Amino acid sequence: MASRSANFNRRKFLGTAAASAGFFAVSPSSLFAGPKRRSPNEIYGGALIGCGGRGPSTYKEMTKDLEVEQRAQCDVKFVGKADNKMFYTDFRRVLERKDIDLVAIGTPPHWHALISIAAAEAGKDVLCEKPMTRFIAEGRAVADTFKRYKRIFQIGTFGRFGESKNKNSILIHKIMRSGLLKENPGVFVKSGGLKVKEWSGRVNLAPQTPPANLDWNLYLGASPWKPYVPPRHGGTHRGYWDYEGGGLADMAQHTLDPYQWTYGKDDTSPVEIEAYAPPAHPEVCAMWGWIEMTYADGFTLVLESGEWGNKYDRKQAHKPVLDDLDEDSRKKLQALPDPEPLLTFAEAVKTRKQAGGNAEAAHRCAILLHLANIAIRTGRKLKFDPVKEEFVGDELANRYANLPMRAPWHL
Amino acid sequence: MTQDKIAELVDQVPALDKRGTFTGTTWEENLPIFDGVLAAGRAGVTAVVAMLKEIDDGVDYKARYVLHGIAQYVGRPGKDAARALFIDALASQLGGELSKGAQGYVARQLQVVGSKDSAPALGKLLADPELCEYAAQALLAIRAAAVEQFRKALPDLKGGPRLTVLQALGVLADAESADAFKKALGDADLDLRLAGAWGLARIADAGSADQVAKMATATDGWEAIKATSASLLLAENLLAAGNKAVAARIYKQLLSNRVEGTRAYLDEVATEGLRKAGG
């Protein structure tokens with residue numbers, strides 16, 4: 001909760017934000033001149049929203065194999081720098097521009113879903129940094145919006161493109177998707193590399209006055225209002241539940257996305273989740289030992305931190321192989337075609353077909369991170385319905401799957 | 001006995017490391033602390049609440065951690081009696097002399113584990129600009145009995161709390177709030193207008209179709225983007241409710257009134273909707 005000074009600053013920033021909204025409510029008409037119909041080689045207008053950290057790399061990825069002219073950069077720390085021509089603090093002003101076709105989102109994850117949705121509603125295609133979302137319902141809303149508006153979405157992790165060209169991975173993919181396995185013996189174990197301690201949040205910091213160049217209220221967005229402490233912004237935000245979800249959320253979409261494709265799980269989610277971790281802290285992401293997630297077909301996915309508690313020793317890693325099939329099934333498998341190649345963002349933008357890391361697939365991967373973190377936070381074994389995207393028989397766990405948002409933001 | 005005994009229990013939580021991060025011990029090691037607090041009944045819980053400071057700067061981290069740990073613990077199956085005791089004790093601390101900072105924290109724990117029985121105590125906070133958002137978020141998480149609290153609070157609210165509560169009624173798709181949503185369409189505040197349009201879309205209010213669609217086509221910028229989104233949602237919800245005629249009217253309005261050369265991407269969406277509506 002706010003100290004007196006923090007309260008003062010909250011009012012001040014709310015006032016600034018309100019004034020800004022009023023000032024820009026009537027936008028220059030030149031920004032709304034409609035784009036001409038584009039020929040295949042015409043230049044796309046590009047914008048980067050969230051310019052720190054991974055932002056510039058995300059923008060660069062978005063422009064790969066496309067002719068893109070950068071027309072806007074937007075960041076909540078551009079107070080005093082924003083000219084509302086090239087530099088903006090408020091992403092809404094960027095999305096209003098009809099000369100912008102492509103948007104790269106490099107903000108912290110608590111803004112990913114809302115900006116992605118608004119961009120699609122404004123007719124833009126999106127390349128969004130991972131992790132895709134802050135909670136499960138956000139991902140469903142993003143996927144539904146991109147479907148409704150027929151826009152292109154690509155998540156900012158690209159390992160699945162290489163994986164989908166690897167012979168062994170294609171074979172596993174085909175085995176998993178074939179329906180020929182009588183019992184799925186697959187176990188994928190990711191051990192270490194999830195930056196658990198590195199992205200643990202700090203608890204012992206007193207609130208401060210936000211820097212003059214930072215619109216703190218806009219930074220917080222839909223997340224609960226909290227007074228400014230420096231690590232909540234600028235990379236170290238990863239350590240706070242309000243904005244991301246620790247090293248697990250930060251790294252696991254990178255780690256798991258390629259294998260989600262390989263193991264053929266782009267359209268479903270685990271049904272049982274169990275975590276070995278201490279009782280969670282209410283504000284900061286902290287330590288955990290391992291998480292075991294099991295799909296309806298028996299396939300098991302394990303994340304092991306290697307940074308806390310006892311080692312995971314329940315199951316051994318096992319990649320499904322041809323020997324897991326009987327003779328007849330092996331023959332049937334050989335007759336099956338290889339999967340369709342995945343389209344890059346550029347190919348998807350040009351052809352108007354779904355990108356390889358589309359919103360639906362990215363959402364399924366983000367669900368894994370959220371399931372793991374919710375199991376850590378609730379401290380109990382959970383059952384999940386992959387169709388309804390809800391926990392079964394656990395109303396309290398479902399509260400983490402669909403977090404309330406601070407007005408005016410909503411899904 | 002309670003205050004000293006509870007202070008001893010809370011103090012068993014391990015200290016932060018030098019960097020100020022939290023490591024934690026297993027659930028098994030924490031359960032004696034949680035069970036000890038609960039065994040002292042309501043007085044045990046309120047004794048931990050009394051340790052909360054106005055500002056969350058780490059000084060009271062152990063008390064905050066214990067309360068949150070208990071919130072998760074009593075959410076387990078078979079812990080109904082302990083949960084009822086815990087949330088009753090928390091709710092008793094709202095609206096009184098406790099600092100606003102501490103009340104905000106208590107409301108956030110009720111967001112985790114509160115029930116319909118917590119709703120009246122949270123509802124009282126909706127009129128407090130500093131606590132309204134936390135109370136609203138807790139009520140939205142609890143859902144049960146929340147809508148009555150929002151309806152009751154709305155008429156007296158202004159500014160931020162009014163927007164928070166109006167939007168919450170939209171989240172809950174409260175058809176009884178249709179008049180409040182309609183009134184908001186004419187407000188000078190853009191966020192309230194948009195919350196009104198979205199609320200009407202959520203409740204599939206056929207009588208507002210023309211007004212919401214007009215908002216989408218007669219405005220520009222952010223208002224047009226979000227009002228169009230509300231129009232499409234309203235049309236979809238009307239279709240789902242079997243009201244094809246009004247849904248078709250919305251799609252036609254979106255198609256016919258758009259400015260030439262702009263929002264061309266919406267043509268396909270509205271045309272597809274119109275087809276579904278049989279128009």
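The values are calculated or read from the model by the stated rules, or taken from the named source; none is laboratory data. All values derive from a computational prediction rather than experimental measurement. Positions of Cβ are generated from backbone atoms using ideal geometry, with glycine treated the same way; all protein chains shown enter the neighbour counts.
The figures follow:
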quantity: Tally, over the stretch B:191-206, of residues that are closer than 17 Å to B:ARG162 by Cβ and either of a type in the set (A, V, I, L, M) or without any contact (Cβ under 8 Å) to a residue 12 or more places away in the chain (or both); calculated: 5
quantity: Test for A:SER329: is it within 14 Å of chain B (Cβ to nearest Cβ) and polar (S, T, N, Q); calculated: no
quantity: Residue match in the stretch A:394-406 (condition: under 23 Å from B:TRP27 (Cα atoms), buried (at least 18 other Cβ atoms within 10 Å of the Cβ) and touching an Asp or Glu at 6+ places or on another chain (Cβ under 6 Å)); calculated: yes
quantity: Residue under evaluation B:ALA204, criteria (1) assigned to a loop (DSSP other than H, G, I, E, B); (2) within 11 Å of chain A (Cβ to nearest Cβ), criterion not met; calculated: (2)
quantity: Within the stretch A:368-410, tally of residues that are in a loop (DSSP other than H, G, I, E, B), within 9 Å of chain B (Cβ to nearest Cβ) and among the aliphatic types (A, V, I, L, M); calculated: 3
quantity: Within the stretch A:86-109, considering residues that are within 14 Å of another protein chain (Cβ to nearest Cβ) and in contact with a Gly (Cβ under 7 Å, 6 or more places away or on another chain), the one surrounded by the fewest Cβ atoms within 10 Å (Cβ to Cβ); calculated: A:ASP99
quantity: A:GLU292 being touching a residue at least 40 places away in the same chain (Cβ under 8 Å), more than 14 Å from every other protein chain (Cβ to nearest Cβ) and not aromatic (Phe, Trp, Tyr); calculated: no
quantity: Residue check for A:GLY247: surrounded by 22 or more Cβ atoms within 10 Å (Cβ to Cβ) and either closer than 24 Å to A:ARG380 by Cβ or within 14 Å of another protein chain (Cβ to nearest Cβ) (or both); calculated: yes
quantity: Any hit, the stretch B:60-81, residues being modelled with pLDDT of 95 or more, surrounded by fewer than 17 Cβ atoms within 10 Å (Cβ to Cβ), in a helix (DSSP H, G or I) and assigned by TED's automatic domain parsing to the domain that holds B:VAL10; calculated: yes
quantity: Meets criteria (in a loop (DSSP other than H, G, I, E, B), of a type in the set (D, E, K, R) and within 14 Å of chain B (Cβ to nearest Cβ)) for A:LYS265; calculated: no
quantity: Hits in the stretch A:327-352 - residues which are exposed (fewer than 12 other Cβ atoms within 10 Å of the Cβ) and in a loop (DSSP other than H, G, I, E, B); calculated: A:PRO337, A:ASP338, A:GLU340, A:PRO341, A:ARG352
quantity: Any hit, the stretch B:20-33, residues being of a type outside the set (Phe, Trp, Tyr), in contact with a strand residue (DSSP E or B) (Cβ under 9 Å, 6 or more places away or on another chain), at pLDDT 95 or above and within 30 Å of A:LYS195 (Cα to Cα); calculated: yes
quantity: Unique match (being in a strand (DSSP E or B) and of a type in the set (A, V, I, L, M)) among A:LEU256, A:LEU301; calculated: A:LEU301
quantity: Yes/no for B:ASP117 being charged (D, E, K, R) and part of a loop (DSSP other than H, G, I, E, B); calculated: no
quantity: Filter result for the condition that a residue is basic (Lys, Arg) and within 10 Å of another protein chain (Cβ to nearest Cβ), over B:ARG143, B:ARG193; calculated: B:ARG143
quantity: Scan of the stretch B:110-137 for residues that are buried (at least 23 other Cβ atoms within 10 Å of the Cβ), among the polar types (S, T, N, Q) and facing chain A (nearest Cβ under 10 Å), ordered by number; calculated: B:GLN111, B:GLN137
quantity: Yes/no for A:GLY309 being on the phi > 0 side of the Ramachandran plot and either within 14 Å of chain B (Cβ to nearest Cβ) or surrounded by fewer than 22 Cβ atoms within 10 Å (Cβ to Cβ) (or both); calculated: yes
